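Single-structure report; data block below.
Here, each number is a calculation from the coordinates, and none is a lab measurement. Model, not experiment: these values are computed from the prediction. Cβ: placed from backbone, ideal geometry, glycine included. Neighbour counts: every protein chain shown.
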Amino acid sequence: MPAAHGIQLPPLSLPPQLRGLPIVPLLLTLAASGIALHLFRTWWRLRHVPGPIWANFTNIQRVLWVTTGRSHEIHRDMHTKYGEVVRFAPNMVSLGNPAWIPQLYPIRPGFPKSDFYRVLMPFTRTGGALPAVFNTRDEELHKKIKSPIAPLFSLSNTLPLEVFVDKTISVMMEQLDKRFVDSGAVFDLSEWLQYFAFDVMGTLTFSKRYGFLEEGRDVNSMLSTIWQYMKRAAPYTQIPWFDDIWNKTNFMAMFRSASGFTILGLVAKHIADRKAARITGKGADHGRGDRDMLSQFFELTTNNASLPPWCVTAWTFSNVIAGSDSTAIIMKTVWFNLLAYPDTLNRLRAELLEADRAAEGGLTKPYPSWKDVCDLPYLDAVIQEGLRMHPPFCLPLERVVPKGGIAIGGNFFPEGTVLGMSPYVANRHVPTFGEDAEIWNPDRWMVPKELRQRREAAIMSFGAGRRVCLGRHIAMLELKKIVPALVLRYEFDLIDHKRYVVENHWFFRQYGIDVKARRRVEAESEKKTILVSA
């Protein structure tokens with residue numbers, strides 16, 4: 001051996017008891033022993049939790065579940081087979097009883113989100129991974145960027161937006177009449193509900209629609225881009241360490257578009273246009289009496305120097321993605337089931353017509369107002385059942401067990417364990433929602449107050465606890481506007497319920513609500529009252 005600093009090093013040698021043994025078999029034996037010990041420790045930590053055998057040792061199985069597009073059904077089946085507590089991965093346990101929501105998703109801080117959410121951060125070469133209210137895991141940062149905008153999404157601030165929902169409904173009605181009612185052509189209602197939800201949020205955020213309804217298509221491939229982003233990200237949520245290597249490094253971004261880059265480009269363009277308008281004073285703020293959300297985002301950062309400079313981009317990105325797609329998913333669920341179960345549609349229409357007769361001067365024209373319909377019991381039951389049947393997010397909402405561990409449902413989970421509850425699984429919990437939890441039944445909400453409140457508390461569609469969805473009031477406003485408007489104006493004939501397709505890649509994708517539409521006789525007299533906004 002060469003000397004180091006003049007000191008002669010002794011030759012390397014094996015311990016006497018190992019001399020003479022073949023070195024390769026020895027190394028293989030040591031490696032195998034190390035792997036076996038690691039697997040034993042992995043299994044031992046959560047050995048009391050039942051689940052498929054491979055879940056004890058690897059995440060591969062749950063990655064494959066997600067790639068099928070029907071992981072929500074697989075997760076439900078796993079809970080049916082193994083019970084309310086199921087091991088999905090070496091360090092991940094899925095819970096199925098909504099009675100445990102307050103423990104898993106408390107109002108207090110200290111039960112942080114897992115690395116699952118890091119995958120959902122869009123990445124650029126210049127800015128790195130962009131946090132947002134939904135995906136940030138840092139509790140202090142979450143509070144810092146949520147608190148300023150929370151009042152914008154309150155019910156009191158949401159209701160003044162109703163006029164813009166009405167204008168978007170008018171555009172939708174005009175297009176449906178012109179394209180399909182007069183011609184009797186078959187069309188996919190799910191597409192038009194998606195267009196409606198996005199154009200509403202475009203109006204609320206930017207004071208202008210994206211143009212989906214007017215053009216009757218996916219303008220600038222915005223919808224397909226969002227879907228491909230979600231489809232690409234979903235499997236990585238099950239192995240977030242690999243996402244860090246494969247999707248969120250500048251080196252990998254040299255060879256392909258970074259995750260979320262196209263959507264961020266759209267957001268950046270709107271922000272740049274607004275900045276230019278603010279400088280020139282032309283078209284900066286228009287729409288409702290005060291300002292749209294983007295202008296209010298700018299104002300918040302101007303008045304709060306402690307906010308990060310990327311806040312406007314993060315808030316706007318969230319509006320574009322989650323603020324539209326999630327509402328559209330619920331709209332499609334409601335309408336497919338109303339058409340597939342026509343007795344419920346007829347009952348809803350009867351309630352609306354009765355409300356029209358009972359109200360002094362009738363329901364507001366051309367479309368029922370929020371105050372006309374917000375408390376109608378069967379409409380509310382229909383919306384609640386839509387929320388229950390197909391929540392927008394259908395993978396477990398993961399949290400990390402804090403220091404000291406936690407006991408839930410008679411099981412103790414040590415510190416660092418990832419726990420999660422799938423909204424799809426929780427929303428179909430038979431002891432909570434009844435033996436018919438798998439099927440559409442709005443009557444499950446027409447029950448005594450105490451049972452209804454218990455079921456409402458069990459719905460996970462908007463999340464729960466301190467991370468509950470900010471935009472839930474906007475979603476409810478849109479739902480309780482568009483559903484009555486369409487019910488009172490049109491008769492839809494569902495061509496074939498088997499054409500309806502649902503895919504789950506974190507977000508649901510639904511299509512195939514193929515219908516023919518005709519004007520209702522009672523609606524014809526209202527035709528001249530429809531005012532179309534440019």
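For the reader, a short list of remarks on this structure follows.
- Tyr341 versus Thr68: modelled label distance in nm, points set 7 Å from Cα along the beta carbon direction: 2.5 nm
- Tilt relative to the chain, helix 23-45 - C-alpha long axis, 0 to 90 degrees, to 10: 40 degrees
- In region 293-392, the alpha-carbon atoms span a convex hull of 146 Å³ per residue.
- In plain terms, the residue of Val171, Val447, Val66 with the fewest other Cβ atoms within 10 Å comes first and the most crowded comes last, giving Val447, Val171, Val66.
- The chain: calculated mean residue ellipticity at 222 nm from DSSP helix runs of at least 4, using -39500 (n - 2.57): -14500 deg cm²/dmol
- Scanning the chain for chymotrypsin sites (Phe, Trp or Tyr not before Pro) in DSSP loops with at most 16 neighbouring Cβ atoms within 10 Å leaves 311-534 as the longest stretch between them.
- Label separation (Glu354 vs Leu159): 2.5 nm, computed from points 7 Å beyond Cα along the C-beta direction.
- Placing unit charges on the Cβ atoms of the charged side chains and taking the dipole of the chain about its Cα centre, the candidate lying farthest along the positive direction among Pro240, Trp440, Ile408 is Pro240.
- For region 382-512, projected area of the alpha-carbon convex hull averaged over all directions, nm²: 10.5 nm²
- Trypsin sites (Lys or Arg not before Pro) within region 351-429, DSSP loop, no more than 13 other Cβ atoms inside 10 Å: Lys403
- 0 to 90° range, to nearest 10: angle between helix 189-206 axis and the chain longest Cα axis: 90 degrees
- Unit Cα scatterers, Debye sum, region 78-193: log10 I(q)/I(0) for q = 0.17 Å⁻¹: -1.01
- 0 to 90° range, to nearest 10: angle between helix 377-389 axis and the chain longest Cα axis: 30 degrees
- Each Lys and Arg contributes +1 and each Asp and Glu -1, all at the Cβ; summed about the Cα centre of region 116-274, the dipole is approximately 700 debye.
- On full extension, the segment bounded by Asn303 and Glu139 gains 56.8 nm, given 0.36 nm per residue less the C-alpha separation.
- Within straight-line reach of Lys498, meaning a Cα separation under 19 Å, sit the following aspartates and glutamates at least 8 residues removed in sequence or on another chain: Glu73, Asp188, Glu191, Asp343, Glu438, Asp514.
- Charge tally in the Cβ shell below 9 Å around Ile495, where Lys, Arg are +1 and Asp, Glu are -1, Ile495 excluded: -1
- From phi via Karplus (6.51, -1.76, 1.60), per-residue ³J(HN,Hα) for region 445-453 in Hz, x at Gly/Pro: 9, 8, 10, x, 3, 4, 5, 4, 5
- The lysines whose alpha-carbon is closer than 23 Å to the alpha-carbon of Lys208, local same-chain residues fewer than 8 away aside, are Lys167, Lys178, Lys269, Lys275, Lys282, Lys480, Lys481.
- Reciprocal of mean inverse Cα separation for the chain (Kirkwood radius, Å): 25.6 Å
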